[in-house]
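The values are calculated or read from the model by the stated rules, or taken from the named source; none is laboratory data. The structure displayed is predicted, hence computed values, not measured ones. Here Cβ is always computed from backbone atoms with ideal geometry, including for glycine, and neighbour counts include all displayed protein chains. In case anyone asks, the SASA skips ligands and DNA or RNA and just uses the protein heavy atoms, side chains included. Shrake-Rupley method; radii C 1.70, N 1.55, O 1.52, S 1.80 Å.
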Amino acid sequence: MSTTPSEPAGRGSTRTAVVWSGLEPVLAGPPRDVLDIGGGTGGLAVRVGALGHRVTVVDPSPDALAALDRRAREHDVEVTGRQGDLSSLLDVAGAARADVVLCHGVLEVAGDPAAALATLAAALRPGGVLSLLVAQRHAAVVARAMAGHFQQALAMLDPVAHDVPTGRSGRRYTHDEIIELVSGAGFTVDTVHAIRVFTDLVPGSLLDLEPGASAALVDLEQAVADRPEYRPLATQLHLLAHRA
């Protein structure tokens, strides 16, 4: 019996709700070909597949793809998993082009972000939509400073020094930087949403113990997602852009 993957509970819901709300209009309508780059264990891909779309996940980890297969079978959803990454995307995906490309948390670790975006554009049909989720630098500076890592915070202020991905999190982008990169790859940016403006600042114990706190926080995140003045506080930026 088919089951529809639900929204994650607790803090997980506050981290994904705004992204999903942005994607819903894109995914409305007839089945489409969706390519999820670095989709891992399929938390998003299976949910998209449950709407009837044809989803292919490209990920470098065999273990993640195995977990994706188990998750898809649990929910009776058909999702295709292929091993690869951005550098091999066009070979792995084959000649077919997608209507929607999901690239969440991947551009940060790409060796050449401009080349990576050009590859994503090539993977899309004309008029296709790119959903791009990237880490935002200003919030990372504040987080480092609040944790007492003042030298790290100071180093992150310099965009040139931060242009080389380091560690697990890789690059972080300001709003203007990511808009310039995406536009330079031939995309037209349609929307930019601030993601996790407050979520990472709220104690987990409050969300766990206070009835209704998670839902109220989701409402707050939704309310500020479109407000430009809150973008510098956002842990991530979610862009929706279309290929000409």
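General remarks:
- The set of residues in segment 193-221 being of a type in the set (A, V, I, L, M), within 19 Å of the chain's Cα centre (by Cα) and closer than 26 Å to Q152 by Cβ consists of A194, I195, V197.
- Total residues in segment 1-47, condition at pLDDT below 90, hydroxyl-bearing (S, T, Y) and more than 17 Å from Q222 (Cβ to Cβ): 4
- Of the residues making up segment 177-233, those that are open to solvent by 60 Å² or more (accessible area, probe 1.4 Å) and not in a helix (DSSP H, G or I) number 7.
- In segment 77-93, the residue that is nearest to R47 (Cα to Cα) out of those that are touching a Lys or Arg at 6+ places or on another chain (Cβ under 9 Å) and modelled with pLDDT under 90 is A93.
- The set of residues from segment 148-160 being modelled with pLDDT under 90 and in a loop (DSSP other than H, G, I, E, B) comprises L157, D158, P159, V160.
- Selection of helices (runs of 4 or more DSSP H) fully inside segment 20-121 by the criterion of at least 2 residues being open to solvent by 30 Å² or more (accessible area, probe 1.4 Å) returns 62-74, 89-93.
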